[in-house]
1. Full extension from GLU111 to LEU21: what is 0.36 nm times the residue separation minus their Cα-Cα distance, to one decimal in nm?
2. Round to a whole number: what % of the accessible area of segment 1-130 belongs to carbon and sulfur, probe 1.4 Å?
3. What do you reckon, how do THR4, THR174, THR72 stack up by accessible area (1.4 Å probe), largest on top?
4. Top to bottom by accessible area (1.4 Å), largest first, where do LYS18, LYS178 land?
5. If you place +1 on the Cβ of every Lys and Arg, -1 on the Cβ of every Asp and Glu, and leave all else neutral, what size is the dipole of the chain about its Cα centre, to the nearest 20 Debye?
6. For segment 2-105, restrict the atom set to alpha-carbon positions and state the Rg and Dmax in Å.
7. About the Cα centre of segment 23-122, what is the dipole size in debye to 20, counting +1 per Lys and Arg Cβ and -1 per Asp and Glu Cβ, all else neutral?
8. What is the calculated FRET efficiency for LEU175 to GLU142, with r their C-beta to C-beta distance and R₀ = 45 Å, to the nearest 0.05?
Amino acid sequence: GVQTCALPIWEGDRWYVKRLLGQYGDEELARLHADGLPHESTGNLRIPSETGEPFYQDLYDGSTDHLGSHMTHVTATAMVPIRTSRGLRGVFGLAMFGRAGWTPVERTTIETVGRSLSLALDRSEQVAELARERERLAGQTEALASANEELEAFAYSVSHDLRTPVRHILGFSTLLRKSFGAELGEIGRAHV
């Protein structure tokens, strides 16, 4: 059966295995994966990432990845691209030791798992984006509340500070109308 299940992630121009279930089967291969595999020369990962389609090798060809003697224990591989609404996120890869070929049921199962991983990762990214957006909106709401408090304080201060001068103007206007009302004329009375 399947001996290794990995989730390589493409960063820059290299593939890095972020999650691995099983074993590499070769110490040097584990080191090579830790250092990152070059995108251009690692066909098992490059092909599905570029085509967007699963890539199966019923009989693993070592020249695909240029890993030479480090992959002699691998007999078959299956690679499924993991995509989200943000694009390619990685490749779900399986390596089989000791048996060649993938049955139709195995292929369907592998592709279903790949789609499920893509959906789960997409959902996770959307939830994270929503959390960031909520945080941004909370900051804006806080800033708006602070601005409203400042505006209310300013409006109170202005209304309080202008109360006395407005009262004086009204008083002078009333006094002016009583004292000179008939002499003001039509325009003067309209302004007082």
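1. Contour length minus the Cα-Cα distance gives 30.7 nm.
2. Roughly 56 percent of what the probe reaches on segment 1-130 is carbon or sulfur.
3. Descending order: THR72, THR174, THR4.
4. Values: LYS18 95, LYS178 165 Å².
Per-residue accessible area, sorted high to low, gives LYS178, LYS18.
5. So the magnitude is around 920 debye.
6. 12.6, 38
7. Here segment 23-122 has a charge dipole of around 380 debye.
8. 0.35
The values are calculated or read from the model by the stated rules, or taken from the named source; none is laboratory data. The structure displayed is predicted, hence computed values, not measured ones. Cβ coordinates were reconstructed from backbone atoms using ideal geometry, including for glycine residues, and neighbour counts include every protein chain displayed. Just so you know, the surface numbers come from the protein's heavy atoms only, side chains and all, with ligands and any DNA or RNA stripped out. Shrake-Rupley method; radii C 1.70, N 1.55, O 1.52, S 1.80 Å.
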